[in-house]
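Remarks on the structure that follows.
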Amino acid sequence: MEPKVNYIVVGSFVVILTAVLVIAIIWLSANQRTDHETYMVYMNEPVSGLSLQAPVKFNGVDVGYVSDISLNPDNPQQVRLLLSIDESAPINQSTTATLMAQGVTGITYVGLKAEAAKAPPLKILPGNKYPIIPSTPSLLVQLSTVLTSLATTTQDLQQVLRGVFNPENQRAIHDSLQSISKITENFANNSEQITSSINHASQTLEQSQSVMKAISQQMLPGISQMVNQVNAVLGNMRQLTNSVKSNPSALIRGQMPEPKGPGE
């Protein structure tokens, strides 16, 4: 009977241990499991280096992973990404997604950031299965765009310079420089004559000022006397006007003498 009792004890111990392990695994999984939501991103650039299960980071903090990578069936120029993101991540309508490289290793991941902390939550648009997070160009794409624009600007500048410095314009610039040189040389050779002319003009101006000053000094007394005479005439005319207003018949009979007083 002893061998049978040993097998029963061992079997019971194995069963109990297995059950405990299963319960522990389920309990740990339940405590560590987080709820995730699925979001969609359309990338307008190649996603080389990005793989499934690649991390999704919000301001550098892991919040999820890439669950699917495929081409957009409506536009093969775009790559469609499905992101599984922790529901506690602050995703809103100002959130954007960008391909980013991590450190020296160059591991590509999806970086998220939000321009506003209190924007409305991101909603599912009609005709879509998941909310869509807008994408922005990566640093490499931005650098490539800047370099392309710089190259185009450089080419345009070269064409402008070729047009400016064509043989005809070069001859015109050469002729202009020669003319300027001749004018400068003539000024240098005739500097004494020019200085003399300037001095003569200055003396003439001073003499004219002296003459005008003398004329004004001579004319001022005469003008003052004339103004006094005009004022006197105006005073007489004002007196005559007042007399006519008070006695209109004076224009015909003349001004009547003032009546004499008693005893005159």
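The values are calculated or read from the model by the stated rules, or taken from the named source; none is laboratory data. Small disclaimer: the values here were computed from a predicted structure and weren't measured. Counting neighbours? That spans all protein chains shown, and the Cβs are built from the backbone with ideal geometry, glycine included. For accessibility, only protein heavy atoms count, side chains too; no ligands or nucleic acids. Shrake-Rupley method; radii C 1.70, N 1.55, O 1.52, S 1.80 Å.
Using the Cβ-Cβ distance between ASN92 and VAL22 with R0 set to 41 Å, the FRET efficiency from 1/(1 + (r/R0)^6) comes to roughly 0.50. Surface composition of segment 53-93: carbon and sulfur atoms hold 44% of the protein heavy-atom accessible area at a 1.4 Å probe. Between LEU157 and PHE187, how high is the FRET efficiency from 1/(1 + (r/R0)^6) when r is the Cβ-Cβ distance and R₀ = 41 Å? Nearest 0.05. Rounded to the nearest 0.05, the efficiency is 0.65.
Computed with a 1.4 Å probe over protein heavy atoms only, the accessible surface of segment 15-98 comes to 60 Å² per residue.
Extension gain MET212-SER51, at 0.36 nm per residue separation less the Cα-Cα distance, in nm? List each step's numbers first, then the result.
Details: separation 161, 0.36 × 161 = 57.96 nm, distance 9.81 nm.
That works out to 48.1 nm of additional length.
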